[in-house]
Every structure is written in structure tokens, then in C-alpha cells.
1. Taking the mean number of other Cβ atoms within 10 Å as a proxy for protection, how do you rank 351-364, 117-130 from highest to lowest?
2. If you average the alpha carbon positions of the range 255-275 and of the range 51-127, how far apart do those two centres end up, in angstrom?
3. With a sphere of radius 15 Å drawn around the Cβ of Ala387, what net charge do the other residues whose Cβ falls strictly inside it have (Lys, Arg +1; Asp, Glu -1)?
4. Could you list log10 I(q)/I(0) for the range 15-258 at q = 0.08 Å⁻¹, which the Debye formula gives when each Cα is one point scatterer?
5. Can you give me the pair-distance distribution of the range 279-449, C-alpha pairs, 10 Å bins, whole percents?
6. With the dipole of the chain worked out from charges on the C-beta (+1 for Lys and Arg, -1 for Asp and Glu) around the Cα centre, which of Val304, Ala118, His38 lies farthest toward the positive end?
7. Which of the aspartates and glutamates could a cross-linker bridge to Lys76, judged by Cα under 18 Å and excluding same-chain residues fewer than eight apart?
8. What number, rounded to the nearest 500 deg cm²/dmol, is the helix-based mean residue ellipticity at 222 nm of the chain, given -39500 (n - 2.57) per DSSP H run of at least four residues and division by all its residues?
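The values are calculated or read from the model by the stated rules, or taken from the named source; none is laboratory data. Here the structure is a predicted model, which is why all the values come from computation and not from measurement. Here Cβ is always computed from backbone atoms with ideal geometry, including for glycine, and neighbour counts include all displayed protein chains. The accessibility values were calculated without ligands, DNA or RNA, using every heavy atom of the protein model including side chains. Shrake-Rupley method; radii C 1.70, N 1.55, O 1.52, S 1.80 Å.
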Amino acid sequence: MTDLSTRPHDDDKFQEECGVFGVWNATDAAALTALGLHALQHRGQEAAGIVALDDAGIFHAHKGQGLVGDTFSNPKVMAALRGSAAIGHNRYATTGETALRNVQPLYADFAFGGFGVAHNGNLTNALGLRRNLVNRGCLFQSTTDSEVFIHLIAISLYSTVVDRLIDALRQVQGAYSLVALHNGALIGARDPLGVRPLVLGRLGGEGGAAPSWVLTSETCALDIVGAEFVRDIDAGEIIVIDDKGVHSIKPFTKQQDRFCIFEYIYFARPDSIVEGTPVYQTRKSIGAELARESGVAADVVVPVPDSGVPAAMGYSMESGIPFELGIIRNHYVGRTFIEPTDQIRNLGVKLKHSANRPMLEGKRVILVDDSIVRGTTSRKIVEMVRAAGAKEVHMRISSPPTTHSCYYGIDTPERGKLLAAQHDLEEMARIIGVDSLAFISLDGLYRALGKPGRDPAKPAYCDACFTGDYGIPLTDAGDNQDRQLSLLQAS
Ligand code: SF4
């Protein structure tokens, strides 16, 4: 049976594929981890897992498909996840199997003891590595790219866990923010370009007591457990947290950071502070820049909720055109599996969004959204706004045209399905059905992030889905790159 557009997340958006959380030296490590994963639910809704380590050195694990609240609502499950250290993972996957064996954290028993790992990102040489490892006799248990970490660590000739991990990281290419747990430490690692986020937080520690330490994808997961933000983990940095404190290792040659610029536009939760920048404020600045670049006479600025809201606020403030919630989002759309008839397919967008007619009727409307991927949802929303009586509809997008797929941990359609890869601006406007369409420019986006513009020789962010400038080689890529990469599921 087909999963339709009534799914709670929007299949006409790029989708963040994972969130990670790890905690060391906490009384209720698994409970804190479940809370952290709950705060990171927007980074993955398909499955969640926790691996906890108790004081006797025994690991306990629980994984399930579905939302964090469903997977960890049973008190018996939580009670069994004993220990003062834990790591957890949220997973998103649209294609291929979402079988339990792919749900992270991955765990294995080595000669040096147990080792669990949770990975946000996607490896771009995992297919080749996997082939070599299988030829050497490694038995893979899942189809996730992250499992190569386990096998590379297993066969490493180094003696300590950290040296084995560094040895493994030297062999992989791609984007990764990891949290890992073994008997002696909680470990965090970020790829040399720092594509995906990872932050360090601290909880308690007053009066000379040893604090709890948290490693997680976003600061919103620190807030929920009451931890204070300490700092971002640097690109290429490995953090080892043990009973003696926090140790930093930087084994890679320093490179220009290329953090994912789309985290600011859409993926990160608006209350998170990412790489020192508040996401909500940044989205408002992007909206203001968009208004400066592509102003148009109108009566009202309307966001496509929820992700378009801060940019629309920024647009409204800059342009002086009133902001109104002309589209209301239904937050209670659950996952429904229904027969894929055309009638139901067309209903999809209406289940999630409805027009607030008095705010639209007879008005010239500026609709603000964060991105256009396939364009199918945009077209339906524009139809809905026109059906509610809007006189004109102008669409403004707070990202540049999405012309390339992402291979660094974001679920994207193949390039041929991206509207902006196939059509020019005029054609896109016609397909979506708007009176005018404008995207923020690449330089405008960089300006909204406090940069003078994009330096093509040394871009400050990963922006490959807008430029095709992939900072990390797509080693697995070939003639059939999309098919090959889809064989291994990102994390
Ligand atoms: Fe982010 Fe786009 Fe780069 Fe992927 S390609 S990491 S979505 S900026």
C-alpha cells in the first residue's frame, strides 16, 4: 500500500534524516536521552533507539519504529535502560526498508567491550568500503551506511577505542556527526567540513560535583533536559568524555568549514542556536533580505506554515506589508495509510493546510515559503489561496532554487524531479500558478547570515543543493549515482 502525502512530514520538502543525543554521568541517562530525542523529533520520525550503559559495564538497548513518544512510553522499557550513560538516535527514511535492523544506535561486542554508535549524515564512499569489507569477511547486519563504522573499527589494528575510531574516520568520506558509547567514554565526532551539527552541553556540577555532559545535534535538545550550552563541536574534532572530563582531539588537517546552509533555512528547529547563530533570527533576516531583493506591491504577507513563518515575518517587517496567518496548519494530521485514489491524493494538502478566507479574499497576497522541491505542494497551496478569493498571488522563497540533490544526509528526490533543475523561473511560476515568483539570491542568503556574499573560491557553507558545488567527493557516484546511493540508507 502506498504512503500518501497525508504523512505528517511533507514529501515536497527536503527532509533531515537524523538526530543524535548522548549523555555521560547522569542519574537517568536513558530518560534524558528520550527527552532529547523528543526535542529532535523534527530530524526523524520513522524510528528511534537508545543504548544505555550501566555501572556494571552492561549495555541495554531498545529500538522501535515510530515516534519517540511511542517507542519509549512504556515504563518497563525505560526501567530496563539502566545506567548513567546513554546514546540515542532518531531516524527518518522514505525509501527502501525501514526495518528494525537499520534503526540506530548500532551496537556490537568487540574484544575491547561493547560499542554503540549513532550517526547523523551520509557517507559518500560507503558502497566501496562495504564491498571491500564484505570481501574481507565482514558480515553486515543492516543496509545502513553507518554500519561501515562498526566494521572499520573491528578490523583496525590500533589498540585503543579512540585510535580505532580515528582510523575508521580516516577511511570514510561524507558527512557525519556521531555520538558513540563504550565502557570507558562517551565520544562525539564531526566530519572535517562540519556539514552536520553537533553541540556540547553541561548539566549540573554545582558545588564541586562532577557534571553530566551532553552531546547532541541541536541546542533545543539541551534546553529540554535543562543543560547549558557549552560550545559547538568543531569541524573535524573528536570529543572524548570520561570520568576525568572532556578531551578534544583534532586528527585531521584543517579545512574550510562547510556547514549545511539548509539547516538555517529549514531543518533546524527555530529555537535552536546553530553555530552561534539563532535560527529564528536568521530566518527573519533571510525574509528581510528577500523583501529587499524582490519586493512587490501587495496587501498581505502570508507564510506557508510552519516553516515559512519566521521568513514571512522578516519580509513583512522589512516591506511594511501586514503579516497575516492566511493559511492555517492542522497539527493533528497523523500518519494515515489510505488507498491511493486521485481524490484522496488531492485531499492530501487540505488535510494539512486550510485557507483562512477573510485574510485572503480580494487581497494581493505574498506567499512566503522556505523552499520549492518538486513544486507539487506549492501548486496546491496556491490553488487553495486563489480558491479563497485572493486577487493576486506572489510567491517568495527564502532559499535559492534547489537544483541539485543532497548526498550528505538529507533525503531529496533525484535531480530530475527537482522543479528548479528542470525549469526556468518563468516556467516554474506558470507551473505553480502564481502571478510572480522569486527566490532569494545566493549572495542574499549569505548576506542574511552576516557574510559579505558567497566567495566562490572559498564558500563558507555547504550550498551544493543550490550550486552543485559538492565539497566532499561523491566517490560512490557513477552513471547510476542516484540508484547506487539509494541502496545505502543515510542516517
Ligand atoms: Fe545541506 Fe544542501 Fe549541502 Fe545537503 S547539499 S548538506 S541540504 S546545503
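1. On the way: 351-364: 17.2, 117-130: 25.9.
Ranked from most to least packed, the peptides come out as 117-130, 351-364.
2. Here the two parts' Cα centres lie 25 Å apart.
3. Numbers: positive: Lys350, Arg357, Lys363, Arg379, Lys380, Arg386, Lys391; negative: Glu361, Glu383, Glu392.
Overall, the nearby charge balance is +4.
4. Normalising to I(0) and taking log10 leaves -0.26.
5. Bin by bin from 0 Å, the calculated values are 11, 37, 38, 13, 1.
6. Val304
7. Hits, sequence-local ones excluded: Asp28, Asp54.
8. On the way: 16 runs with 137 residues, N = 491.
The per-residue figure over the chain is -7500 deg cm²/dmol.
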